[in-house]
Structure formats: C-alpha cells, structure tokens
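Reading through the structure tokens given below for one structure.
The values are calculated or read from the model by the stated rules, or taken from the named source; none is laboratory data. Every value quoted in this text rests on a predicted model; they were computed, and no experiment measured them. Note that we place each Cβ from the backbone using ideal geometry, even for glycine, and neighbour counts take in every protein chain shown. Keep in mind that these areas ignore ligands, DNA and RNA; they rest on the heavy atoms of the full protein, side chains included. Shrake-Rupley method; radii C 1.70, N 1.55, O 1.52, S 1.80 Å.
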Amino acid sequence: MPFEYKKVLVLGATSGIGWALASKLVENGHSNGKASVDTAVFDITKLKEIPGFAKDMFTKHPDLDCIFLNSGMQRHLDWTKPDEVDLEAVDLEVLTNYTSFLHLTKAFLPYLQKQAPKPTSMIYTTSGLALVPILYCPNYCSTKAALHHQILALRQQMKDADSNVKIIELFPPAVQTELHDAKHQPQMGDRGKDIGMPLNEFTDEAWAGLSAEDNEQVPVQMVKTMMGFNGWEQERQKTAQKMWASMKQQQH
C-alpha cells in the first residue's frame, strides 16, 4: 500500500530522521504527485507564533493533508551531580519535545478537520524511549513518554468523533544522527555519532511501516522486541482500552 497522503508538511526536517523521511517523501512523488519541495524556517519553541505559522502554511498550501511533527532534542541529565543540572536545558527539552507539540496540534488540527471527509493525518515521531527509559537522558525519555500518552488519548478521541484525521506514531530506536553527536551531547564524545542503527536502514523500515495499511503505530527495529512494543506495551494499551470503555459506560 503506498503512503496515502499527497502533500506533507514535515517539521524538523533540517537534519537526521526528519530530513531523511522528507527526502523519502520527495523520492516517492509527494507534494501533489510531483517531486517538489517548498521550505520555511520556523522555531517551534516560539509558541505564540505557532497559530500564525499554521495559517500561513495552509494559506499557501490549502491542500496539505498530513502534518509530520518530527522536531526534537536530547540532552544528558545526571541527578548524581545536582549542582551541575542545567534546569534551563531541561525546560528547553520539555518545551521542544512536548509542549510545542501540543501547541502545534491545536493549531494544525482544525485545518485538517475542515477537509472532511477527505482523509488527513498527523504523524508524531516519539521514540522507543517513550516505552523504556535509559539512564543518561531521563528527561528526554520523559518527554517522549508524555507525548506517547497524549497520542494514545488523541487517537481515541478522534476515533470516537469519527474524525477524518488519522493519528500516527512513529517509534524510532537509537539512530545514527546528529541527535547525540559531540556537538549536542559532548558527554558522548566521538562515539555518539555511531550510536544506533544506520540512518538509511531506519528510513527504509520506517517508510515501509508508514506505507503499510496498519500504520497507526510504527515501531522500528528493536522497539518491537527488546523495548516491549510487541509484548507488554500491547497489554498496557488493551488495559487502557478497557478502562476507557468502562468510563464511557459509567457516563451513560
């Protein structure tokens, strides 16, 4: 099954996973069936400017049918040395990885809803670390876990409302990108750039998952197995569904 959306706005496409998947979209003939690209510079941490940015994007491209939120940052956090904890960096990580996504969702969702019954979607890049935290970047893991929970609830709300907006979540494992290179995480040194699966391998597997018929949740590589998506995470989500169903019954 080919990727069904025709014009996609990818946020966070200057490097890494975002750049690779944006390139894959172009390679597969998106943007109204033509391999064309338009670009815009925007800082998602400027929350008050997000509504205007969304309006500008849909004024220029009213046929946008997919918003792909991919931006993110990862920093070290070591609580054994509390005096060295940089709370400004912590706050920026939360703002970039979580709070801005809420503002972007609020801004873009109405434009997609107005296109009903045309199928549209919002795609969110989270992480396998949303399921299993690691020790050197616990705040990053927390932001992705928070976003994952938000997405689960958002998806169900859209389904309950019979919405035309499909909610998709992409779960990368560690990937060899700038996310944890020496510039962004000096604690890693030169070894940071070699952490994780090669970017081209990730891109191919992620694209195959996004292009599949069952693409609401797209775990990649070790996220499926070692990080628990195919196992306990499925049981956890079944429990959530049971709880939501029970709450609906109590409301009627």
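Amide H contacts of GLN176 (H built 1.01 Å from N, in plane; Pro and chain starts excluded): MET197, LEU199 sit under 5 Å, all sequence-distant by 5 or more or on other chains. For GLU169, the residues whose modelled amide H falls within less than 5 Å of its own, excluding neighbours fewer than 5 places apart on the same chain, are TYR124, GLN217, VAL218. Using a simple spin-label model with pseudo-atoms 7 Å out from Cα toward Cβ, ILE134 and SER211 lie 2.9 nm apart. Where the accessible area of segment 110-156 is counted over protein heavy atoms with a 1.4 Å probe, how much of it, in %, is carbon and sulfur? C and S atoms contribute 67 percent here.
Computed over the Cα atoms of segment 22-150, what is the convex hull's projected area averaged over all directions, in nm²? Don't skip to the end; give the middle numbers.
Numbers: hull surface 37.0 nm².
Mean projected area for segment 22-150: 9.2 nm², to one decimal.
With a cut-off of 17 Å on the backbone N, the residues of segment 134-153 near the modelled label site 7 Å out from LEU87 along Cα-Cβ are 139.
When the chain is treated as a GNM with alpha-carbon contacts under 10 Å, the residue of LEU135, LEU95, LEU109 showing the greatest mean-square fluctuation is LEU135.
Please give me, ordered by residue number, the chymotrypsin sites (Phe, Trp or Tyr not before Pro) of segment 1-93 that lie in loop per DSSP and have at most 10 other Cβ atoms within 10 Å.
Details: sites: PHE3, TYR5, TRP19, PHE42, PHE53, PHE58, PHE68, TRP79; in loops: PHE3, TYR5, PHE42, TRP79.
Within segment 1-93, the qualifying chymotrypsin sites (Phe, Trp or Tyr not before Pro) (loop, at most 10 other Cβ atoms within 10 Å) are TRP79.
Please compute the per residue accessible area over segment 112-170 with all protein chains in place, 1.4 Å probe, rounded to a whole number of Å². Walk me through the intermediate numbers first.
Values: 2310 Å² over 59 residues.
Dividing the accessible area of segment 112-170 by its residue count gives 39 Å².
For segment 136-141, the Karplus equation 6.51 cos²θ - 1.76 cosθ + 1.60, evaluated at θ = phi - 60°, returns couplings of 7, 9, x, 5, 4, 4 Hz by residue, with Gly and Pro reported as x. Pairs of C-alpha atoms in the chain farther apart than 32 Å represent 21 percent of all such pairs.
Considering only SER36, SER100, SER15, the Gaussian network model of the chain with Cα springs below 10 Å gives its largest mean-square fluctuation to SER36.
Normalised by 2.2 N^0.38 Å, where N is the number of residues, the alpha-carbon radius of gyration of segment 66-108 equals 1.45.
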